[in-house]
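The values are calculated or read from the model by the stated rules, or taken from the named source; none is laboratory data. Just so it is clear, the structure is predicted and the values come from calculations on it, not from any experiment. Here the Cβ is made from the backbone with ideal geometry for all residues, glycine too, and neighbour counts use every protein chain on show.
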């Protein structure tokens, strides 16, 4: 850690850094983040962050992206890191600002996304006075964080920042929350901290490899559940070889942070959302081998139904926990079962033509397959209407597929924003349901301001369609009160006007041919474009 | 508490209540809420709440209002209770749904607003499986709540609901959070609970009255800080008599949940937001007597400045804590100091004409004074531009003034929504800054759907103006990075299009004459109207 002479404390924040021997806490924080490789900050600052903002002005190198609501900020930080493979910083304002970003931090936690989550807060000596904005910032942060710390002095906040980056990047990745009292920022005596080494990624034990190999050689029907880094290309190839050599089936959870897929790539099915459908699909399975995945469970409980999407009498085996080296475990398991030479499944290359006529889930999937740009980043929060999108786009041009991982709706548009910042030159295609899109529609403004290459396909069914299904699932015929609470028409949302109001151009499609034309056009533009698909 | 025979458990939710001897937990919950006087529910439900929604369908009497984001739901519940004097229920979906509503629950906590905050959650037996949406619902709820409980059985959830209403209504009022696992809703055996008696409101001790009287009789400059129910009309009259008889000064905190004011009513100043201005205004004060208020403190700390807006050597005295009977305390103190016959200050009735020409804070205040409808409910989240609004409207027609109390921006539009539901027949005037309005703009859709009589005056300065002031306050000249983070133009938000996109009509004003015409017209309409005032 670098140490510097500390000059007498001053409270002036307006000075030329070249003329000073010391720096304040905020400056040491910004310099430490940059030194640790964090060069993007999604922000919605307030008064307590003004010294941090002033430091960002004085120190070049940090790309600051403003969100008009904290849910945009945290969701964008999630999308950024999923594509960049390294964390962005957030900048949030006090406990309530954090609270507004919690739902997407919950999603990031489930995605195991590294985020350096910085929350400005009351000065250390001001907090006891319980001023109006004072809240339980630490208490709110902890449930979504792998690491939570409140900085205490300007001299140590640099070290705090380096520790936060290290913690966020520790396998499998997570949210490191650094709470930043305002006096820690403005006091002099900041010290830039050197980057800390990456935390070691533990390997799985030889016993775990041999145990999984015995299960796979048993000849009994076995399911291998792959999650997190097991979905990266090398790991996935080994998993497919293991499956080919042992007749095991591969599957992923319903929701995944990032899947690299499309034409010419190996594909993996997902566990269906519906427990009934999943149990049908997985009937007969005797063993479930987990590779970085938790034991599968249905999203919700239903009266009289099992919480498990696999047979009750199947046995769970853990090859590797999420924090272990999944790629290494799959490589060693492939060796153990003699699968290194196994033939990989064919990756048939099927060229599709765009769909015509009426708008259906399958038709949209067909058009996406035909028209998706090479190396697109697809962000899917299509909820009920999107059922055909994932299976139906297996032959689309090579792309990445990002999903909502924690079930907290309202992350699609922020994820698309952050992914576009992280992957310039690649088109982001946001497949977005209307009900969830309304949660964080402020994202559109950031897309316009940053001129992000995002095509938003806004699926306007004007109802919480998934909930109408769920209500039917509990055996109720919806009456007027229920319909009023699940119908988001009356008045209909006009998404083209909403987009225009935030500086994003848009158009409406009510048939597939119009959609195809708009989708082609949008993907060739610079900057964002919204297609309201009335379904 | 009513008890009923319990029929064998079934899992069917679709049945005729007339044909059944028992009810499920959700039904007992709805019936208990209605019996306890809670007849309005602001909701954004999800899967785990479907049995509650089905129960709302079967049991008449609950007015359900849908919000398209949880921050709308919780802020509307706050606004409702401030005007109705009794709590509404919320209906939120799991931990992340609660998280989205936390910032406005924080504001409600600071406003001491009674809210029955219901959060549907995973079934009791499903929670241990840690399905994707599972989060620390209790942990997030507790910091904003006076009472937090997770229901455990259908047989006891009715009693839980009655206890929640009692807790929310206990002086001075607060958020009672009831977490509702889905199986508690769908299990049979629900029992309706009778309303619980109001919790007693403790009186202040005779010692406290006598001590305050001695301070007031000392002849030394004394400030009386009034908050909460001390601002209700009878209490306020006694406070004014005490001030008249003892030469004490009256003041309120900067932000108050509800002040009943306007032409012909007694007025009270507020403690200025700026510590420097406040200390100037309160120079010479020797004693501060608190009536339901915390010791005054500046909103934020600033380098080298006192956190106190009153002289450092003044002595703090507590006449009454927030949970005590403030009206009784002021009446007894008035007797003690012989102020019952004291002459009240004149309430001069000044008739103003609307302002012409350029749009300034003072001009808007003047037009509001001239044009505010009788018995309007003003909801102010005007942040920096609104400095003249409160002092400048003291002569407006009698009205209520509602403010953001916890500093968590994004409550103005939700407060207006809830206030309009609670006070049909009264015009709600929402004075709303653009930056904070963007946090919860989804409120506009609920206003359109419910045809609420709200006039939104949207103050579009296209920047976080207050933060530019704060940045200057820390001595920094904003550079490009800082300006980019504080400027919300580029692209400009078009609030008329945003309103139209959610079914609310609107128009733009760039001078006071146009504003006056639009404001008059809007206030005479049925339903909402948005005026974008470009400032």
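Residues of the range B:249-261 that are in contact with a helix residue (DSSP H, G or I) (Cβ under 9 Å, 6 or more places away or on another chain) and in a loop (DSSP other than H, G, I, E, B): B:254, B:255, B:256, B:257, B:258. Out of B:51, B:126, one residue alone is in contact with a strand residue (DSSP E or B) (Cβ under 7 Å, 6 or more places away or on another chain) and assigned by TED's automatic domain parsing to the domain that holds residue B:153. It is B:51.
Please determine whether any residue of the range A:137-144 is surrounded by fewer than 24 Cβ atoms within 10 Å (Cβ to Cβ), without any contact (Cβ under 8 Å) to a residue 40 or more places away in the chain and in contact with a helix residue (DSSP H, G or I) (Cβ under 6 Å, 6 or more places away or on another chain). Outline the logic, then answer.
The initial filter retains those residues of the range A:137-144 that are surrounded by fewer than 24 Cβ atoms within 10 Å (Cβ to Cβ), namely A:138-139, A:142-143.
Still in the running and without any contact (Cβ under 8 Å) to a residue 40 or more places away in the chain: A:139, A:142-143.
Filter again for in contact with a helix residue (DSSP H, G or I) (Cβ under 6 Å, 6 or more places away or on another chain), leaving A:139, A:143.
Checking the range A:137-144: at least one residue is surrounded by fewer than 24 Cβ atoms within 10 Å (Cβ to Cβ), without any contact (Cβ under 8 Å) to a residue 40 or more places away in the chain and in contact with a helix residue (DSSP H, G or I) (Cβ under 6 Å, 6 or more places away or on another chain).
Could you tell me whether any residue of the range B:262-274 is modelled with pLDDT under 95 and more than 25 Å from residue B:347 (Cα to Cα)? Yes, the range B:262-274 contains a residue that is modelled with pLDDT under 95 and more than 25 Å from residue B:347 (Cα to Cα). Scanning the range A:276-322 for residues that are assigned to a loop (DSSP other than H, G, I, E, B), within 14 Å of another protein chain (Cβ to nearest Cβ) and closer than 24 Å to residue A:219 by Cβ turns up A:293, A:295, A:296, A:308, A:309, A:310, A:312.
The sole residue among B:103, B:99 that is at the interface with chain A (Cβ under 9 Å from one of its Cβ atoms) and under 12 Å from the mean Cα position of the chain (by Cα) is B:103.
Of all residues in the range A:423-437 being within 11 Å of chain B (Cβ to nearest Cβ) and buried (at least 24 other Cβ atoms within 10 Å of the Cβ), which is farthest from residue A:526 (Cα to Cα)?
Our first condition is that a residue be within 11 Å of chain B (Cβ to nearest Cβ); within the range A:423-437, this holds for A:434-437.
Within this subset, residues satisfying the condition of being buried (at least 24 other Cβ atoms within 10 Å of the Cβ) are A:434-435, A:437.
Values: A:434: 24, A:435: 27, A:437: 22 Å.
Here the residue is A:435.
Of all the residues in the range A:177-194, those that are under 21 Å from residue A:134 (Cα atoms), more than 10 Å from chain B (Cβ to nearest Cβ) and under 30 Å from the mean Cα position of the chain (by Cα) number 4. Every condition in (1) surrounded by 24 or more Cβ atoms within 10 Å (Cβ to Cβ); (2) more than 9 Å from chain A (Cβ to nearest Cβ); (3) under 18 Å from residue B:421 (Cβ atoms) is met by residue B:61 except one, and the failing one is (1). Across the range A:421-433, the number of residues qualifying as in contact with a helix residue (DSSP H, G or I) (Cβ under 7 Å, 6 or more places away or on another chain) and outside any strand (DSSP E or B) comes to 4.
Yes or no, residue by residue, for (1) surrounded by 18 or more Cβ atoms within 10 Å (Cβ to Cβ); (2) farther than 30 Å from residue B:434 by Cβ; (3) in contact (Cβ under 8 Å) with a residue 40 or more places away in the chain:
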| residue | (1), (2), (3) |
| --- | --- |
| A:446 | yes, no, yes |
| A:460 | yes, no, yes |
| A:468 | yes, yes, no |
| A:478 | yes, yes, no |
| A:481 | yes, yes, no |
| A:500 | yes, no, no |
| A:508 | no, no, no |
| A:513 | no, yes, yes |
| A:522 | yes, no, yes |
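Return the residues of the range A:81-99 that are part of a helix (DSSP H, G or I) and either outside the structural domain of residue A:65 (by TED's automatic domain parsing) or out of contact with any strand residue (DSSP E or B) (no Cβ under 8 Å at 6 or more places or on another chain) (or both); say none if nothing qualifies.
If we filter the range A:81-99 for residues that are part of a helix (DSSP H, G or I), which is where we start, we get A:81-84, A:94-99.
Passing the criteria: A:96, A:99.
Whenever a residue of the range A:343-359 is over 16 Å from residue A:391 (Cα atoms), its partners that are part of a loop (DSSP other than H, G, I, E, B), lying with C-beta atoms within less than 6 angstrom and at least six residues away or across chains, give the pairs A:359/A:535. Comparison of A:322, A:311, A:296 shows that the only residue that is within 30 Å of residue A:419 (Cα to Cα), modelled with pLDDT of 95 or more and surrounded by fewer than 22 Cβ atoms within 10 Å (Cβ to Cβ) is A:322.
It is to be established whether one or more residues within the range A:45-55 are at pLDDT 95 or above, within 13 Å of chain B (Cβ to nearest Cβ) and within 15 Å of residue A:192 (Cβ to Cβ). Checking the range A:45-55: not a single residue is at pLDDT 95 or above, within 13 Å of chain B (Cβ to nearest Cβ) and within 15 Å of residue A:192 (Cβ to Cβ).
Scanning the range B:109-133 for residues that are assigned to a helix (DSSP H, G or I) and either at pLDDT below 95 or in contact with a helix residue (DSSP H, G or I) (Cβ under 9 Å, 6 or more places away or on another chain) (or both) turns up B:109, B:111.
Looking at A:330, A:372, A:368, which is the one that is away from chain B (no Cβ under 14 Å), over 30 Å from residue A:508 (Cβ atoms) and crowded, with 17+ Cβ neighbours inside 10 Å? When all the criteria are applied, what remains is A:330.
The set of residues from the range A:365-406 being in a helix (DSSP H, G or I) and in contact with a strand residue (DSSP E or B) (Cβ under 7 Å, 6 or more places away or on another chain) comprises A:385, A:386, A:389, A:390.
Identify, from the list A:75, A:61, the residue that is out of contact with any strand residue (DSSP E or B) (no Cβ under 6 Å at 6 or more places or on another chain), touching a residue at least 12 places away in the same chain (Cβ under 8 Å) and not in a helix (DSSP H, G or I).
Details: A:75 fails: not in a helix (DSSP H, G or I).
Exactly one residue qualifies, and that residue is A:61.
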